[in-house]
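Undergrad: Please read through the structure below; I'll follow up with questions.
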Amino acid sequence: MESLNRNALELADEALDFAEELDIGAVELDNGATVLDFGHDFDGGVEAGLLLAELQTAGLATVQSRLDEVAGAPIPTVELNADHPALALLCSQKAGWEVSTEDYEGLGSGPARALVAEEDEFARVGYADEFDFAVLSLESDDYPTESVAEHVADLTGVETSSIFLASVPTASVAGSVSIASRAAEMAVFRLSELGYDPLDVVSVTGSAPVAPVAGSEEAAIARTNDALAYGGRVHLTVREEFDRFDEIVSTANEEYGTPFADIFADADWDFYDVDESVFAPAQATVDVLGGDTYVLGERDEDLLAESFDL
């Protein structure tokens with residue numbers, strides 16, 4: 001497979017070329033790293049969020065929006081299709097890098113993770129990247145600093161001048177859009193954690209409603225997770241049978257029906273104290289090639305309507 005970071009670099013260049021049209025920003029830090037601003041000082045929009053989701057998946061997924069509804073209200077929905085889900089979703093899109101420096105906290109996703117390749121997913125997939133540029137998406141209401149670029153450079157072995165940081169607050173249009181694209185990733189990750197070989201997932205399609213932008217970062221994090229756990233839908237085509245398919249949906253968790261604002265509050269907003277199994281789509285269809293088709297879970301539109309203040 002071509003370098004994931006090489007693929008994503010083309011999308012970072014596209015963001016630079018069309019920054020004005022997308023209403024995003026581009027700033028070169030003092031150490032030469034480039035920050036792409038998807039929602040701090042710029043408004044961005046749906047198209048910016050879709051491009052960000054493509055960048056997070058290293059260009060290995062098709063991401064598009066359409067108008068759907070929640071509890072009778074027209075609400076945008078994001079749909080993602082991936083025919084290389086192990087690489088696109090586990091080795092790239094997953095927000096698996098907790099970026100922490102003396103002046104910054106954020107969640108990192110995107111192909112720069114594959115240059116480090118220390119998370120369990122990379123051993124399961126058997127992939128690590130080598131490239132002279134690193135592209136990392138950062139979810140935080142803080143703007144990335146030089147220390148962030150230096151931290152990423154140290155771990156990836158890339159010069160700071162060759163680092164691209166796509167930064168987005170959750171409480172932004174692009175933040176809501178890009179997170180809505182993660183339903184498929186959640187399902188593939190759950191399967192992998194349950195012991196299923198991610199390379200046996202042939203193709204996946206996922207969708208979720210775009211949560212209205214909340215007034216605070218914490219409220220936005222809760223809403224966007226509600227959108228996935230109570231509104232996310234996934235279809236997976238897989239090679240092998242498995243006796244735990246029913247555990248990949250949020251209805252399998254005892255917390256199902258609890259708004260994420262309450263789930264996170266109970267954990268004092270420490271996401272790593274929250275059981276990983278709550279991060280799952282609401283519904284899934286699993287189509288085993290030459291075998292059975294399983295239909296699992298259900299959406300909770302009443303909870304979504306309450307979460308979205310509809």
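Undergrad: Conditions: (1) touching a strand residue (DSSP E or B) at 6+ places or on another chain (Cβ under 6 Å); (2) within 24 Å of Phe260 (Cα to Cα). Thr145 meets all but one. Number of the miss?
TA: Among (1) touching a strand residue (DSSP E or B) at 6+ places or on another chain (Cβ under 6 Å); (2) within 24 Å of Phe260 (Cα to Cα), the lone unmet condition for Thr145 is (2).
Undergrad: A further question follows. Only one of (1) in contact with a Leu (Cβ under 8 Å, 6 or more places away or on another chain); (2) of a type outside the set (Ser, Thr, Tyr); (3) in contact (Cβ under 8 Å) with a residue 24 or more places away in the chain; (4) under 28 Å from Thr156 (Cβ atoms) is not met by His40, so which one is it?
TA: (1)
Undergrad: If you don't mind, another one. Would you please list the contacts, defined by Cβ atoms under 7 Å and residues six or more apart or on different chains, that run from a residue in the range 273-302 that is in contact (Cβ under 8 Å) with a residue 40 or more places away in the chain to a residue that is of a type in the set (Lys, Arg) and assigned to a loop (DSSP other than H, G, I, E, B)?
TA: From the range 273-302, the pairs are Ala282/Arg299; Gln283/Arg299; Leu289/Arg239.
Undergrad: Here's another thing I want to ask about it. If a residue has to be touching a Leu at 6+ places or on another chain (Cβ under 9 Å) and either surrounded by fewer than 20 Cβ atoms within 10 Å (Cβ to Cβ) or among the small types (Gly, Ala, Ser) (or both) to count, how many in the range 16-28 make the cut?
TA: Of the residues in the range 16-28, the ones touching a Leu at 6+ places or on another chain (Cβ under 9 Å) are 16, 18-19, 22, 24-27.
Then keep just the ones that are either surrounded by fewer than 20 Cβ atoms within 10 Å (Cβ to Cβ) or among the small types (Gly, Ala, Ser) (or both); that gives 16, 18-19, 25-27.
Count: 6.
Undergrad: Being out of contact with any Leu (no Cβ under 9 Å at 6 or more places or on another chain) and in contact (Cβ under 8 Å) with a residue 60 or more places away in the chain is the filter here, so list the residues in the range 172-196 that pass it. I'd like the intermediate steps shown before the answer.
TA: Filtering the range 172-196 down to residues out of contact with any Leu (no Cβ under 9 Å at 6 or more places or on another chain) leaves 172-173, 176, 190, 193-196.
Those that are out of contact with any Leu (no Cβ under 9 Å at 6 or more places or on another chain) and in contact (Cβ under 8 Å) with a residue 60 or more places away in the chain: Ser172, Val173, Ser176, Arg190, Glu193.
Undergrad: Determine if the range 261-280 includes at least one residue that is in a loop (DSSP other than H, G, I, E, B), touching a strand residue (DSSP E or B) at 6+ places or on another chain (Cβ under 7 Å) and within 18 Å of Ile179 (Cβ to Cβ).
TA: We begin by selecting, within the range 261-280, every residue in a loop (DSSP other than H, G, I, E, B); these are 267-270, 274-275, 279-280.
Subset that is touching a strand residue (DSSP E or B) at 6+ places or on another chain (Cβ under 7 Å): none.
No, the range 261-280 has no match at all.
Undergrad: Could you tell me which residue of the range 112-136 is surrounded by the most Cβ atoms within 10 Å (Cβ to Cβ), considering only residues that are free of Cβ contacts under 8 Å to residues at least 60 places away in the same chain, aliphatic (A, V, I, L, M) and not in a strand (DSSP E or B)?
TA: Looking at residues that are free of Cβ contacts under 8 Å to residues at least 60 places away in the same chain, aliphatic (A, V, I, L, M) and not in a strand (DSSP E or B), I get Val116.
Undergrad: Looking at (1) part of a strand (DSSP E or B); (2) surrounded by fewer than 22 Cβ atoms within 10 Å (Cβ to Cβ); (3) under 19 Å from the mean Cα position of the chain (by Cα); (4) modelled with pLDDT of 95 or more, which one does Glu47 not meet, given that it meets all the others?
TA: Tallying (1) part of a strand (DSSP E or B); (2) surrounded by fewer than 22 Cβ atoms within 10 Å (Cβ to Cβ); (3) under 19 Å from the mean Cα position of the chain (by Cα); (4) modelled with pLDDT of 95 or more, Glu47 fails exactly one: (1).
Undergrad: Of the residues in the range 245-260, how many are over 23 Å from Val288 (Cβ atoms) and either in contact with a Phe, Trp or Tyr (Cβ under 8 Å, 6 or more places away or on another chain) or assigned to a helix (DSSP H, G or I) (or both)?
TA: 1
The values are calculated or read from the model by the stated rules, or taken from the named source; none is laboratory data. Being a predicted model, the structure only gives us computed values, none of them experimental. Here Cβ is always computed from backbone atoms with ideal geometry, including for glycine, and neighbour counts include all displayed protein chains.
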